[in-house]
Structure formats: structure tokens, C-alpha cells
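Q: This is the structure, below, for whatever I ask next.
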Amino acid sequence: MRQKRRGMTDTGAIELYSVAMDYGGRTLFRDVTFALKPGSFHFLTGPSGAGKTTLIKLCYGELTASEGRVLAFGEDTTHMDRDAIAQMRRRIGVVHQDCRFIDHLSVAENVLLPISVTGQAPSDAEANLAELMGWVGLESLSNHLPPELSGGERQRAALARAVIMSPDVVLADEPTGNVDWEMSLRILSLLIELNKLGKTILCATHDMSLIRQAKSRVSARVLRLRDGRVELAGAEL
Amino acid sequence: MKFLLDLLRGDSSAEKVVPPTGFTANLTLIASGAMAFLAVFILALGLSAGRQADVWEDALAQTGTVRISAPADTLDAQVTRVLEILSQTPGVGGTRRIPNEEQAELLAPWFGDDLPIDALLLPALIEVEFEGGGPDMVGLKQRLVAEAPAAVLDDHDRWRAPMVNAANGLRRLANLSLGLIAIVTAVTIALAASAALAANGQVIDVLRLVGAEDRFITRAFVRRFTLRAAGGAAMGALIALVLVVLVPNVADVAVTSDFGFRGLNWIWPIMVPVAAAVIAFFATRFAAFRRLSEVS
Ligand SMILES: Nc1ncnc2c1ncn2[C@@H]1O[C@H](COP(=O)(O)OP(=O)(O)OP(=O)(O)O)[C@@H](O)[C@H]1O
Ligand SMILES: [Mg+2]
């Protein structure tokens, strides 16, 4: 398997050990330990402000844990040099809660960004792009600029960008936050499809009905962030 | 070397992600143009001063004067003796006694044309031309003291030293100014690049998040600023060169009678845009890596 060859441990694509995070003295969570096994599907829930976004940022090294260790593909992110961090991020597709686009580039160019920065010609991914844009229903908006998109359109574009490189891991922070139920289901289906291709998925969401929908189609587990701890609530949902 | 190739070849994907930084880029253009102009002008000044120092040194180093002040009855005997000594001294090329009439001409500006030469007790003057490295001055002076006590050798060191020092001082000042120009250029470009990088903070953050390596981000900025600086400097240097060539050589009023570039010296003004590009390259890289160190 591809993951094995690139040094992933059996325990997880992403692993957190006794991780604590505080912002300026205020502890958000502590003693968080979990592993996203390769090919697994996890939801991350918890009240607003519990630290879901923070936890996801720890996973790809945008933030550094105050305590504990975060491993990506078996390597401690705090010991990686900057190029290694960049390489690691190419294997992790992230849907940021605030989407994060480059505003002077078109939607299509933004979606192709993960390919452009590797130095590959984005033209190789042109067919891939058309299909993906069709899939998220943005084919007619390819040449628009991100500020011209609605909240839901931005989220779909962010999802397209997260998966364009066919990454090993997809971390989606509220990917259905601004879209209607029908689009939520389509986004969920895309995540499930990626999971069936062997990708590791972590999806932060408030939406319990979305989680229930997923449960009937894929074996997903739920990580619940509450009172500064993470608990695994796989069984009861 | 690979850097240089990358720089010249460019990378359209890297450059496209950075929005055209019109204002800061124009600042770079103007600043490096002005600095190059100054650099070329000061180079011309410094090189001319250096040349002048050499000329003075050579011209005066090759001649000396022996002055013999003695009562009229012993004067001719001493002059003969001095000429004899000089003709035996290795390093002395030729000697010429300056006739009284010529001395009178030299004195005329101070005392007027109707100077009664014969009434004056003028010293005898012997102009000495040196050859090769010149004679052993100390030895020659000792011999003159011993054999012609009224003779005094002046090897022009007294005149030469202050003039050569002045010219060399000017040359050193020019070099110092060039150093300062290089520093100001580096600082200006680093500031302009920092401003451009700060204005594009969002772009840099996003690029890092989607897996861009630092060198991908740096390249786009470095190339842009390096080319701008080189272009601006080329223009500034060219304008300065034209003006330097047009400055008339006014020997009587100029500090130096031979202002401008001669021969191989032309390589220096041509190097000015190259130097500006090198400075911009490192200044921008420095600014970029500093900015990137604040981004995860
Ligand atoms: N850079 C920061 N500096 C200080 N505090 C921060 C910072 N980022 C987040 N926080 C705080 O940390 C807490 C958790 O934020 P986070 O965005 O992780 O929550 P969340 O669970 O994703 O919330 P939501 O469901 O609303 O997206 C919040 O109280 C927030 O104010
Ligand atoms: Mg959040």
C-alpha cells in the first residue's frame, strides 16, 4: 500500500499523544490522545469554542501543541524542518473553516494551488479539475474570484482544493457549515467515496443528522470534544 | 549557480501567485536607479583621483633639484663638484643647470620683470632627472654635505606628499561612499521587499498551508525585486555615464584634470547594475526568510 511505503505507522496516519493546548494561559483541552488509523473515518464534534478547529490545526502543524506529541505519518511534527512540514501538508488535504483563498487568483487557480506549489504544471490536472468542479457544482464559477462566491460556494471550492492532490488524509473543518441539506449530503458522499479509496478522513461538524446519515453508509467513529477532553463516542450514535 | 539559473528562467506558477506589487516595485526601481547614478558618479571621481595621484607621484618622483647657495667666488667650483658627483651617482639620468635668466622668469611673477638679476646673489639651481628607482637619496645627501657643503638636495618629497595624500584621501572617500551607497541600497530594497511581503501575508499563509516550500515563495519575490533593481540601476548608471562623458575636462578648475573613465576602468560602471542585482537578491532573500520564519 502507498501509505506503508511512505513510512506510515500501523497505529495511525495522524496520532496525538497526551496533547494539551492553551492560548495565553487558558487551557483549551489537555491529555488528548487518539489516532486516526489509515483508512478510518472520524467525525469531530463538540460545542462551539471547544477547540475543534484548534485540534485540526495541530494535526497539520499550523499550531504547535503546548504539551504532548503530534505525529503525522509516524513523524513528530515538532521535529520536522520547514520543508518536511510542506511535504507532510501535501499529503493532507484541509478544508479550513474560513476557507483561506488567494483572492486575486480565480477559483480554478485556487483549487489547483496545491499542485502549482509543487512545481508541476497544473495542466496535467486539468481533466481532474473539470470533474471535481462539476462534482462540487462550481463549473460555471471556475473563472470567478473567491470574494465573488457565496459562503457555501466557498466551502465547496475549499473542499475541491483539499482533494485535488488525492491526499492520504482529509481534514474537513465544518465542510457543510454553509450549505443546504442536499449539498451537505453530496459533500458527505464525496468524503465517503474518498474514504472507500483508502483515504483517512476527519470531519468536524455540529450536524448530528449528518453523522447519522454517514453511519448508515460507512463505519465512522465520533470524537467528542467536551470539558477540555476528547472522548470516543463511536458506539451510541 | 542553480539559483542564478532559476532566477533567469523564472517560474510562472510561482510568480503568478504573488500579486503585482506595483508601488513597492516602483520604489525599488527608483531607489536603485538613483543609487546607481550616485555610484557611477563617485566611481568616476574616485578613479580619476586615483589616476591623478599616480600621475603626480610619478612626475615629481622622477625629478629633484640641487640648490647651491655660496659666495660668488666659490659658487662655480661647488657647482662643478656637484655636477661631478651627480654624474657618478647611479640612478641619476641627467642634470641641467638652470640659467639665471630662467630663474628670473620664475621669480618675475613675484618681483616683476625689471628684477636686477646681477645685483642679486641668486643660488645656483641644478635640475636632476632620476631614472629607474632613483638614486640612494640618503647616500647622495651625505656625499653632497661632505664635498659641497653649500649644496642642498631637494627630492620634491615635500611637495609630492601633500598632493598625493590629498588625491589618495579623495580616493578613499570615494570608496567609503560606494560602501555607504551599497548599504543604503540594500536597506531600501529590504524595506520595500518587507513591505511587499507584509502586504501579501495572506498569500504567503495560504501557500504554506497548501504545502509550498519556502523557496517556492521566496523565488517569486526575489526574482521580481532583483530584476527591478537591476533594471533601475542600469538606467541610473546609463544616465550618469552620459553625464560623466559630457562633463568638460577643465584642467584649471577641476579638482582633478582628467575626470571620467579610461581604459579598463569602464568595467566598473558596467558592474554597477550587476552589483545592484546581487544586493537586491540577498536583501530580498533576507526579508523573505525573515517573514517566513513567522509563518508555520
Ligand atoms: N489564536 C488564538 N488566540 C487565542 N485564543 C484563540 C485563538 N484561536 C482560538 N482561540 C480560542 O480557542 C477556543 C477554541 O477555538 P476553536 O476555533 O478551536 O473552536 P471550535 O471548536 O472550532 O469552535 P466553532 O465550532 O465555533 O468553530 C475559542 O474560545 C477561541 O476563542
Ligand atoms: Mg471551528
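Q: What's the number of the only condition in (1) farther than 26 Å from A:Gly198 by Cβ; (2) surrounded by 19 or more Cβ atoms within 10 Å (Cβ to Cβ); (3) within 12 Å of chain B (Cβ to nearest Cβ) that A:Leu141 fails to meet?
A: A:Leu141 satisfies every listed condition except (3).
Q: Only residues that are more than 16 Å from ligand 2 (Cβ to nearest atom), aliphatic (A, V, I, L, M) and closer than 20 Å to A:Gly39 by Cβ: list them for segment A:200-210, please. Give the derivation first.
A: Residues of segment A:200-210 that are more than 16 Å from ligand 2 (Cβ to nearest atom), as a first pass: A:200-201, A:208-209.
Keeping just the survivors that are aliphatic (A, V, I, L, M) gives A:201, A:208.
The one that is more than 16 Å from ligand 2 (Cβ to nearest atom), aliphatic (A, V, I, L, M) and closer than 20 Å to A:Gly39 by Cβ: A:Ile201.
Q: Now a separate question. In segment A:172-199, how many residues are more than 16 Å from ligand 2 (Cβ to nearest atom) and on the phi > 0 side of the Ramachandran plot?
A: The total comes to 1.
Q: So, of the residues in segment A:51-61 that are of a type outside the set (Lys, Arg) and surrounded by 20 or more Cβ atoms within 10 Å (Cβ to Cβ), which turns out to be nearest to ligand 1 (Cβ to nearest atom)?
A: A:Gly51
Q: Moving to a separate point now. Give the residues of segment A:106-129 that are facing chain B (nearest Cβ under 7 Å) and within 14 Å of B:Asp205 (Cβ to Cβ), sorted by residue number.
A: A:Leu113, A:Val117 - these are the residues of segment A:106-129 that are facing chain B (nearest Cβ under 7 Å) and within 14 Å of B:Asp205 (Cβ to Cβ).
Q: Here's a follow-up. What is the number of the single condition among (1) at pLDDT 90 or above; (2) at the interface with another protein chain (Cβ under 10 Å from one of its Cβ atoms) that A:Met133 does not meet?
A: Exception for A:Met133: condition (2).
Q: Can I ask one more? Which numbered condition in (1) closer than 30 Å to B:Arg51 by Cβ; (2) surrounded by 24 or more Cβ atoms within 10 Å (Cβ to Cβ) is the only one that B:Phe225 fails?
A: So the condition that B:Phe225 fails would be (1).
Q: A:Arg154 versus (1) within 16 Å of ligand 2 (Cβ to nearest atom); (2) in contact with a helix residue (DSSP H, G or I) (Cβ under 8 Å, 6 or more places away or on another chain); (3) away from every other protein chain (no Cβ under 14 Å): which is the lone unmet condition?
A: For A:Arg154, the exception is condition (3).
Q: Now a separate question. For residues that are touching a helix residue (DSSP H, G or I) at 6+ places or on another chain (Cβ under 7 Å) and within 25 Å of A:Met88 (Cβ to Cβ), tally how many sit in segment A:171-191.
A: Residues meeting the conditions: 6.
Q: Hey, another quick one. Got a number for residues in segment A:62-103 being outside any helix (DSSP H, G or I), surrounded by 17 or more Cβ atoms within 10 Å (Cβ to Cβ), more than 15 Å from ligand 1 (Cβ to nearest atom) and at the interface with chain B (Cβ under 10 Å from one of its Cβ atoms)?
A: The number of residues fulfilling the criteria is 5.
Q: Considering B:Ala36, B:Ala49, B:Ala14, B:Ala53, which residue is at pLDDT 85 or above, touching a helix residue (DSSP H, G or I) at 6+ places or on another chain (Cβ under 6 Å) and surrounded by 19 or more Cβ atoms within 10 Å (Cβ to Cβ)?
A: Values: B:Ala49 fails: at pLDDT 85 or above; B:Ala14 fails: at pLDDT 85 or above; B:Ala53 fails: at pLDDT 85 or above.
Testing whether each residue is at pLDDT 85 or above, touching a helix residue (DSSP H, G or I) at 6+ places or on another chain (Cβ under 6 Å) and surrounded by 19 or more Cβ atoms within 10 Å (Cβ to Cβ) leaves just B:Ala36.
Q: Here is a follow-up. Out of segment B:57-94, which residues are without any contact (Cβ under 8 Å) to a residue 60 or more places away in the chain, surrounded by fewer than 17 Cβ atoms within 10 Å (Cβ to Cβ) and part of a strand (DSSP E or B)?
A: B:Gly93, B:Gly94
Residues checked against (1) within 30 Å of A:Arg91 (Cα to Cα); (2) within 14 Å of chain A (Cβ to nearest Cβ); (3) at pLDDT 90 or above:
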residue	(1), (2), (3)
B:Ile181	no, no, yes
B:Ile189	no, no, no
B:Leu207	yes, yes, yes
B:Glu213	yes, yes, yes
B:Val245	no, no, no
B:Asn249	no, no, no
B:Ser257	no, no, no
B:Gly263	no, no, no
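Q: Check B:Pro109 against each of (1) at pLDDT below 75; (2) not in a helix (DSSP H, G or I) and name the one condition it does not meet.
A: For B:Pro109, the failing item is (2).
Q: Going by what's in this entry, would A:Arg26 be described as more than 14 Å from chain B (Cβ to nearest Cβ) and either on the phi > 0 side of the Ramachandran plot or not hydrophobic (A, V, I, L, M, F, W, C) (or both)? Spell out how you get there, then give the answer.
A: Numbers: more than 14 Å from chain B (Cβ to nearest Cβ): yes; either on the phi > 0 side of the Ramachandran plot or not hydrophobic (A, V, I, L, M, F, W, C) (or both): yes.
Judged against the criteria, A:Arg26 is a match.
Q: Consider B:Val278 carefully, then state whether it is over 30 Å from A:Arg91 (Cα atoms), at pLDDT below 90 and assigned to a helix (DSSP H, G or I).
A: Spelling it out, it is not the case that B:Val278 is over 30 Å from A:Arg91 (Cα atoms), at pLDDT below 90 and assigned to a helix (DSSP H, G or I).
This table checks each residue for (1) free of Cβ contacts under 8 Å to residues at least 12 places away in the same chain; (2) within 16 Å of ligand 1 (Cβ to nearest atom); (3) loosely packed, with under 15 Cβ neighbours inside 10 Å.
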| site | (1), (2), (3) |
| --- | --- |
| A:Leu188 | no, no, no |
| A:Ile192 | no, no, no |
| A:Lys196 | no, no, yes |
| A:Lys199 | no, no, no |
| A:Asp207 | no, yes, no |
| A:Ile211 | no, yes, no |
| A:Arg224 | no, yes, no |
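Q: In addition: How many residues are within 13 Å of ligand 2 (Cβ to nearest atom) and assigned to a strand (DSSP E or B) when one looks only at segment A:30-61?
A: Total meeting the criteria: 2.
The values are calculated or read from the model by the stated rules, or taken from the named source; none is laboratory data. Just so it is clear, the model here is predicted, and its values are computed rather than measured. Counting neighbours? That spans all protein chains shown, and the Cβs are built from the backbone with ideal geometry, glycine included.
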